[in-house]
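The values are calculated or read from the model by the stated rules, or taken from the named source; none is laboratory data. Keep in mind that this is a model prediction, so the values were computed, not measured. No Cβ is skipped: glycine too gets one built from the backbone with ideal geometry, and neighbour counts run over all protein chains shown. Just so you know, the surface numbers come from the protein's heavy atoms only, side chains and all, with ligands and any DNA or RNA stripped out. Shrake-Rupley method; radii C 1.70, N 1.55, O 1.52, S 1.80 Å.
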Amino acid sequence: DTAVSQTPKYLVTQMGNDKSIKCEQNLGHDTMYWYKQDSKKFLKIMFSYNNKELIINETVPNRFSPKSPDKAHLNLHINSLELGDSAVYFCASSQGVATDTQYFGPGTRLTVL
Amino acid sequence: QKEVEQDPGPLSVPEGAIVSLNCTYSNSAFQYFMWYRQYSRKGPELLMYTYSSGNKEDGRFTAQVDKSSKYISLFIRDSQPSDSATYLCAFLTQGGSEKLVFGKGTKLTVNP
């Protein structure tokens with residue numbers, strides 16, 4: 001059973017398009033995260049939700065909008081995609097706050113052409 | 001000064017070697033210190049977690065923290081080809097917005 005799953009695994013799209021990435025965790029965790037890992041492998045947090053409530057919102061363009069329909073799901077919608085959005089996006093979850101172990105999904109590799 | 005500095009490598013060692021991976025940090029508010037391992041095209045996974053200065057051992061892995069020098073290390077004894085991965089140090093403050101801050105990762109290859 002996959003603990004944290006993401007779909008799709010790969011996403012290739014044109015500049016200007018809108019796309020969504022879905023994340024689901026079956027660990028019963030309360031907190032979920034979105035991270036971006038750029039071409040230089042630098043991993044940086046974008047958003048964090050606890051029980052469907054946004055608790056961390058880093059300096060991310062407002063073209064990125066997370067949505068948490070329930071505490072097991074955290075989706076990421078990106079409007080008007082730009083070349084610089086090309087990266088691997090990781091979803092993660094933890095039991096409670098960030099001091100609990102975070103479990104990462106397999107990543108979604110987004111390529112914007 | 002960057003908040004976290006980690007030599008990206010790459011680091012290539014023969015099987016059985018002792019590997020030393022290091023990070024320095026500048027934020028005195030960091031209270032938790034972690035090492036994540038990331039295999040190619042996979043998500044990171046937590047390897048070691050400590051919140052105090054000193055050493056913590058887990059099998060072939062030892063995490064070392066020196067808060068006074070703002071320096072953390074991960075030692076791998078008797079390295080195996082299966083240890084080939086990128087190792088990321090990670091830090092966490094307590095209070096306020098708790099978020100993991102990662103180093104850029106060191107790519108390690110252990111050659112059989």
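Across the residues of B:98-106, average count of Cβ atoms on other protein chains within 10 Å? Working shown, then result.
On the way: counts 7, 9, 11, 3, 7, 3, 5, 5, 1.
Taking all residues of B:98-106 together, the mean is 6.
Using a 1.4 angstrom probe with every protein chain in place, what is the largest-first accessible-area order of A:HIS77, A:HIS29? Please report the intermediate quantities before stating the final value.
Details: A:HIS77 60, A:HIS29 15 Å².
Reading off the accessible areas and sorting them downward yields A:HIS77, A:HIS29.
Rounding to the nearest 20 debye, state how big the charge dipole of region A:4-112 is about its Cα centre with +1 on each Lys and Arg Cβ and -1 on each Asp and Glu Cβ. Please list the in-between numbers first.
Details: 12 positive and 10 negative charges, 57 e Å.
It comes to approximately 280 debye.
State which stretch of chain B is the longest one without any exposed GluC sites (Glu not before Pro), exposure meaning a DSSP loop state and at most 16 other Cβ atoms within 10 Å.
Details: sites that count: B:GLU3, B:GLU15.
It runs B:16-112.
Can you list the GluC sites (Glu not before Pro) in region A:39-113 that are in a DSSP coil and have 14 or fewer other beta carbons within 10 angstrom? Intermediate results must be reported in sequence, preceding the final value.
Working: sites: A:GLU53, A:GLU58, A:GLU82; in loops: A:GLU58, A:GLU82.
Hits after loop and neighbour filter: A:GLU82.
Mind checking the full-extension length gain between B:SER73 and B:ASP7? Use 0.36 nm per residue of separation minus the Cα-Cα distance, one decimal, nm.
Details: separation 66, 0.36 × 66 = 23.76 nm, distance 1.17 nm.
Computed gain between B:SER73 and B:ASP7 is 22.6 nm.
To the nearest 10 Å², what's B:PHE91's accessible area with a 1.4 Å probe?
0 Å²
For chain B, what relative contact order do you get, as a whole percent, if you take Cα pairs closer than 8 Å and at least 6 residues apart? Display every interim value, and only then the final one.
On the way: 274 pairs, mean separation 41.2, N = 112.
Worked out over chain B, it gives 37 percent.
Given the alpha-carbon gyration tensor of the protein assembly as shown, what are the semi-axes of its equivalent ellipsoid in whole angstrom, ordered largest first, with each equal to the square root of 5 times an eigenvalue?
Values: eigenvalues 175, 81, 54 Å².
Equivalent-ellipsoid dimensions as semi-axes: 30, 20, 16 Å.
Pairs to check: A:LYS71/B:LYS56; B:LYS70/B:LYS99; A:LYS9/B:LYS2. Give those whose C-alpha atoms are more than 28 Å from each other in this structure. Mind dumping the intermediate values first?
Working: A:LYS71/B:LYS56 34 Å; B:LYS70/B:LYS99 18 Å; A:LYS9/B:LYS2 32 Å.
In this structure, A:LYS71/B:LYS56; A:LYS9/B:LYS2 exceed 28 Å between Cα atoms.
Specify the residue with the greatest mean-square fluctuation among A:GLN95, A:GLN14, A:GLN25, computed from a Gaussian network of chain A linking alpha-carbon atoms under 10 Å apart.
A:GLN14
Let me check I have the definition right: for region A:4-112, take the eigenvalues of the Cα gyration tensor, multiply each by 5, take square roots. What are those semi-axes in whole Å, largest first? Present the calculation step by step, with values, prior to reporting the outcome.
On the way: eigenvalues 98, 36, 33 Å².
Sorted largest first and rounded, they come to 22, 13, 13 Å.
Would you mind finding the longest exposed-site-free stretch of chain B, with exposed trypsin sites (Lys or Arg not before Pro) meaning DSSP loop and at most 12 other Cβ atoms within 10 Å?
The longest such stretch corresponds to B:42-112.
Based on Cα positions only, what radius of gyration and what Dmax would you give for chain B, in angstroms?
In order Rg, Dmax, the Cα atoms of chain B give 13.6, 46 Å.
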